[in-house]
Amino acid sequence: MKMNIKMTAVFVSALCVGLAMSSCNKPDVVISAKEGNIYMPIAAGNSSYALLLADTAQTIGFGAAYGGLAYPGQDITVGFKVDSTLISSYNAQHGTAYVMMPASSYQVPTLTSVIKAGETSSNTLPIQIVTTDLDKTIKYIIPVSITSVSSGFIDSALGTTFIRVDTIQRLEKDITSMATLSVSRENGGGSGAGEGSPKLVDGDYNSKFLTDGFPQSFWVDLTFSLPQIIGAYTITSGNDAPDRDMKDWNLEGSNDGTTWTILDTHTGETFSGRNQTKRYEFTNTTAYTQYRINVLANNGSNLIQVSEWRLITFP
């Protein structure tokens with residue numbers, strides 16, 4: 001009898017020791033210092049965008065996320081606002097000159113999102129931007145901040161994002177290769193020479209067309225088999241002698257080679273570097289079969305040189 005009591009005591013003692021050891025080996029719950037912080041993931045990345053010039057809306061999305069190692073046990077409602085008052089300090093801090101995007105060019109259908117229980121990201125909220133009336137020379141910005149959360153706390157470092165539209169591009173197509181080139185005066189060695197007229201449209205910005213006898217009536221012409229609406233062109237300066245660069249010219253369009261309409265004019269134009277490409281856009285809604293540049297003056301040489309002339313249409 002005594003033996004049984006002793007054995008029972010030993011068993012109970014061993015059981016207690018085992019439970020104690022089991023209790024000691026159980027890992028503690030790991031808690032992140034950032035547990036429950038609500039932030040904007042877009043604020044941690046690059047929020048710079050290039051948009052197309054278009055009359056249909058383009059969408060940029062934003063939302064909120066739950067930080068830490070756990071998951072929220074309940075839905076968290078997150079409120080946002082667009083805050084233009086932050087732009088001045090942003091520009092001062094980054095040495096930029098962003099302008100608030102005009103209210104007429106963007107819409108934010110809702111400024112409330114929800115992080116569902118058991119999830120770490122909210123639904124995405126859209127900013128819908130129509131670029132038709134925006135100035136392509138201006139860089140625009142839309143500051144968006146978290147203003148309220150129903151649970152947790154707002155991350156002060158990642159609670160605001162600055163959505164920046166740095167570039168507004170047009171859909172365009174270079175159709176120079178579809179046309180036939182002619183010039184009023186060829187290179188002295190002929191069109192097949194190393195600096196003959198084909199170099200003007202060969203796509204090589206390091207080659208050039210060179211001819212003499214300037215000043216005189218001088219033009220270069222591109223003729224298409226079907227009428228085309230051209231809205232822009234580029235001119236690339238030659239590799240040497242700035243006095244040979246075009247200075248004054250006009251661009252004309254025609255459908256019969258006799259009646260010409262002036263589409264674009266430049267006076268006193270300069271190229272600051274060699275093989276420098278400059279782009280010229282103009283308003284044109286008429287399709288022409290011929291486009292011609294009349295060179296009226298260069299910088300004083302009796303030679304004229306151009307590395308490249310390209311015609312661009314906006315589909």
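A few comments on the model shown:
- Members of region 254-280 found to be in contact with a Phe, Trp or Tyr (Cβ under 9 Å, 6 or more places away or on another chain) and closer than 15 Å to ARG310 by Cα, listed by number: ASP264, ASN275, THR277, LYS278, ARG279, TYR280
- One residue alone among THR180, THR270, THR283 is touching a strand residue (DSSP E or B) at 6+ places or on another chain (Cβ under 6 Å) and touching a residue at least 24 places away in the same chain (Cβ under 8 Å), and that residue is THR180.
- For region 196-216, the tally of residues that are farther than 21 Å from LEU311 by Cβ and without any contact (Cβ under 8 Å) to a residue 60 or more places away in the chain stands at 1.
- Taking region 272-296 as the range and being assigned to a strand (DSSP E or B) and either farther than 17 Å from VAL220 by Cβ or modelled with pLDDT under 95 (or both) as the test, the residues that pass are ARG279, GLU281.
- Among all residues of region 262-271, there is at least one that is in a loop (DSSP other than H, G, I, E, B), crowded, with 18+ Cβ neighbours inside 10 Å and hydrophobic (A, V, I, L, M, F, W, C).
- Filtering region 270-309 to residues that are of a type outside the set (S, T, N, Q) and either over 21 Å from LYS199 (Cβ atoms) or not assigned by TED's automatic domain parsing to the domain that holds THR236 (or both) leaves GLU281, PHE282, ALA287, TYR288, LEU296, ALA297, GLY300.
- Selection status of THR147, assigned by TED's automatic domain parsing to the domain that holds ILE42 and not in a strand (DSSP E or B): no
- Leading residue by the ranking (farthest from SER145 (Cα to Cα)) among those in region 43-64 that are at pLDDT 95 or above and of a type in the set (Val, Ile, Thr): THR59
- Selection status of THR211, farther than 20 Å from LYS173 by Cβ, modelled with pLDDT of 95 or more and in contact with a Leu (Cβ under 8 Å, 6 or more places away or on another chain): yes
- Residue count for region 104-135, restricted to those that are within 19 Å of the chain's Cα centre (by Cα) and exposed (fewer than 13 other Cβ atoms within 10 Å of the Cβ): 3.
- Region 292-315, residues that are crowded, with 17+ Cβ neighbours inside 10 Å and of a type in the set (Phe, Trp, Tyr): TRP309
- Criterion violated by THR261 - all others in (1) under 24 Å from ARG170 (Cα atoms); (2) of a type in the set (Val, Ile, Thr); (3) more than 31 Å from the chain's Cα centre (by Cα) satisfied: (1)
- When each of SER217, SER177, SER191 is tested for being more than 30 Å from GLU35 (Cβ to Cβ), surrounded by fewer than 16 Cβ atoms within 10 Å (Cβ to Cβ) and in contact with a helix residue (DSSP H, G or I) (Cβ under 6 Å, 6 or more places away or on another chain), the lone residue that passes is SER191.
- Per-region count, region 61-99, residues free of Cβ contacts under 8 Å to residues at least 60 places away in the same chain and surrounded by fewer than 17 Cβ atoms within 10 Å (Cβ to Cβ): 17
- Taken together, the residues in region 65-85 that are under 22 Å from the mean Cα position of the chain (by Cα) and assigned to a helix (DSSP H, G or I) amount to 1.
- Of note, SER156 satisfies the criterion of being modelled with pLDDT under 95 and of a type outside the set (Asp, Glu).
- Candidates are the residues of region 53-64 that are in a strand (DSSP E or B) and of a type in the set (Val, Ile, Thr); the one that is farthest from GLY118 (Cα to Cα) is THR59.
The values are calculated or read from the model by the stated rules, or taken from the named source; none is laboratory data. This is a predicted model, so every value here is computed, not measured. All Cβ positions, glycine included, derive from the backbone under ideal geometry; neighbour counts span all protein chains shown.
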